[in-house]
1. When region 152-166 is examined, which residues are found to be within 15 Å of ALA187 (Cα to Cα) and either touching a residue at least 24 places away in the same chain (Cβ under 8 Å) or within 17 Å of the chain's Cα centre (by Cα) (or both)?
2. Anything in region 44-62 that is buried (at least 23 other Cβ atoms within 10 Å of the Cβ) and either outside any helix (DSSP H, G or I) or within 14 Å of the chain's Cα centre (by Cα) (or both)? List them, or say none.
3. Over 17 Å from the mean Cα position of the chain (by Cα) and not in a loop (DSSP other than H, G, I, E, B): which single residue out of ALA175, ALA187, ALA129 fits that description?
4. I'm trying to understand the selection: among the residues of region 93-126, which are at pLDDT 95 or above, within 28 Å of GLU154 (Cβ to Cβ) and in a loop (DSSP other than H, G, I, E, B)?
5. Looking for whichever is in contact (Cβ under 8 Å) with a residue 12 or more places away in the chain and under 27 Å from SER141 (Cβ atoms) here; the options are LYS273, LYS246. Which one fits?
6. Could you check region 96-128 and list, in sequence order, the residues that are under 20 Å from ALA31 (Cβ atoms), buried (at least 21 other Cβ atoms within 10 Å of the Cβ) and touching a residue at least 40 places away in the same chain (Cβ under 8 Å)?
7. Testing VAL303 on (1) in contact with a Lys or Arg (Cβ under 6 Å, 6 or more places away or on another chain); (2) in a helix (DSSP H, G or I), one condition comes back false. Which one is that?
8. Quick one: how many residues across region 190-213 are closer than 19 Å to ARG238 by Cβ and either part of a loop (DSSP other than H, G, I, E, B) or outside the structural domain of ASP138 (by TED's automatic domain parsing) (or both)?
Amino acid sequence: MIQTDLTKLLGIQVPLVQGGMQWVGLPPLVAAVSNAGALGVLTALTQPNPDALRTAIRETYKLTSKPFGVNITLLPSINPPDYAGYARAAVEEGVRIFETAGNNPGSLIQYLKGQGCVVIHKCTTIRHAKSAVKAGVDCLSIDGFECAGHPGEEDIGGLVLLARAAQELNVPYIASGGIADGRGLAAAFALGACGANMGTRFMCTVESPIHQNIKDKIVASSEQDTVHIFRTLHNTARVFKNAVSKQVVEIERRPGGAKFEDVRELVAGARGKKVYENGDPDYGIWSAGVSVGLIKDCPTCAVLVSRIEREAEEVIDGLAKLKAVKAKL
C-alpha cells in the first residue's frame, strides 16, 4: 500500500480522488470509487437544488460505507446557484469532505471549516493556491493545463505547476490534469504531490453513468482529440473535439471576435447533458482532458484503482533501482 498525507487526511486506502464532474459525479460512480479504496465525489451542481443533493447523498450512503466527498464549484453566473444551501445540506447529511473550485470561495471555505470539514480546493495558479491556504483549506488540487474543464488563462502545464507548488506551498497538494495511470501517479509523487485527482479516466469506467458510446469514443481517441473553447472570452475550457466545439472555435476566430451570445445555443449545458444520455458525441459540448490519449479500456472502478496502485508501486520500485550503489573502497 502507498500511504501519503492524502490517505491519512481522508481515511482512504489509495491516494486518488475522483474529481467533481457535472452530470457524471452521481451516486453509483461515487460509491464505486470509494469502495475501490479511493475517494468518490458527488457533484453538487449536478443536482437541481440542495434537497436533491440530500437525496443523492442518502443514495450514496446506501451503496458505500467508505468516505466520499461533495464538490461545490463556484461559477460565474448572473443568477448564482444556492451554494450555501448545497453546503449546508451536505453537512447536515453528515458529509465531512469537500472539494471546492472556482473564484472567491472564502466564505464557503470558512463555513465548511467551521463545521469541522476537510476542504480540498482546486486551483490553476500558485497565486490562487496561496489565497486558498490563507482561507484555511486542508489540501490543494493543483490543476495543470492538461485538465478537462477550466484550466485557467495562464497555460502552465502540470510538470512546472506541480514543481512550483513544491517550492511555494506549505500544505499537502494533489495533482490534477493529465493523469490516467500509475505512471502519472508516480510522477505526481516525484513532483511533491501526495496523490492525484482524475476526472476523464473515471468517466470511462463501468460504473460511470455516461452512455457507452461516449466511453467507446474516449477509448478510441488520442491526446489530440480535445480543443479549447472560450479562449477569446477569457473563460477557457478544454472539451472534446467534435463538430460543435469546432464550430464554436470558428465563430471565436471571426474578424472582430465573438460574444457569448454568438455561441450560447451551441454550448448550452442541456445539450452537453444529452451527449451523456443519448450517446451522440457530436450533439453538444462535453468535457475531456488530454488524458483521453492514455485511456485504452473501460474497467470497473475496483480494477482501475487497483491497477493504478500496482503500476505506481512498480514505477517507484523501478526508479529506486536507478540509484547507483557506491563501491566499497
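1. Of everything in region 152-166, those that are within 15 Å of ALA187 (Cα to Cα) and either touching a residue at least 24 places away in the same chain (Cβ under 8 Å) or within 17 Å of the chain's Cα centre (by Cα) (or both) turn out to be GLY157, GLY158, LEU159, LEU161, LEU162, ALA163, ARG164, ALA165, ALA166.
2. Answer for region 44-62, where residues must be buried (at least 23 other Cβ atoms within 10 Å of the Cβ) and either outside any helix (DSSP H, G or I) or within 14 Å of the chain's Cα centre (by Cα) (or both): just ALA44.
3. Sole residue among the options that is over 17 Å from the mean Cα position of the chain (by Cα) and not in a loop (DSSP other than H, G, I, E, B): ALA187.
4. Scanning region 93-126 gives THR124, THR125.
5. Every option except LYS273 fails the conditions.
6. ILE97, GLU99, ILE120
7. Going through (1) in contact with a Lys or Arg (Cβ under 6 Å, 6 or more places away or on another chain); (2) in a helix (DSSP H, G or I) one by one, VAL303 breaks only (1).
8. Residues in region 190-213 being closer than 19 Å to ARG238 by Cβ and either part of a loop (DSSP other than H, G, I, E, B) or outside the structural domain of ASP138 (by TED's automatic domain parsing) (or both): 4 in total.
The values are calculated or read from the model by the stated rules, or taken from the named source; none is laboratory data. In this text, all values refer to a predicted model and were calculated from it rather than measured experimentally. With ideal geometry, Cβ positions are generated from the backbone for all residues, glycine too; neighbour counts draw on all protein chains shown.
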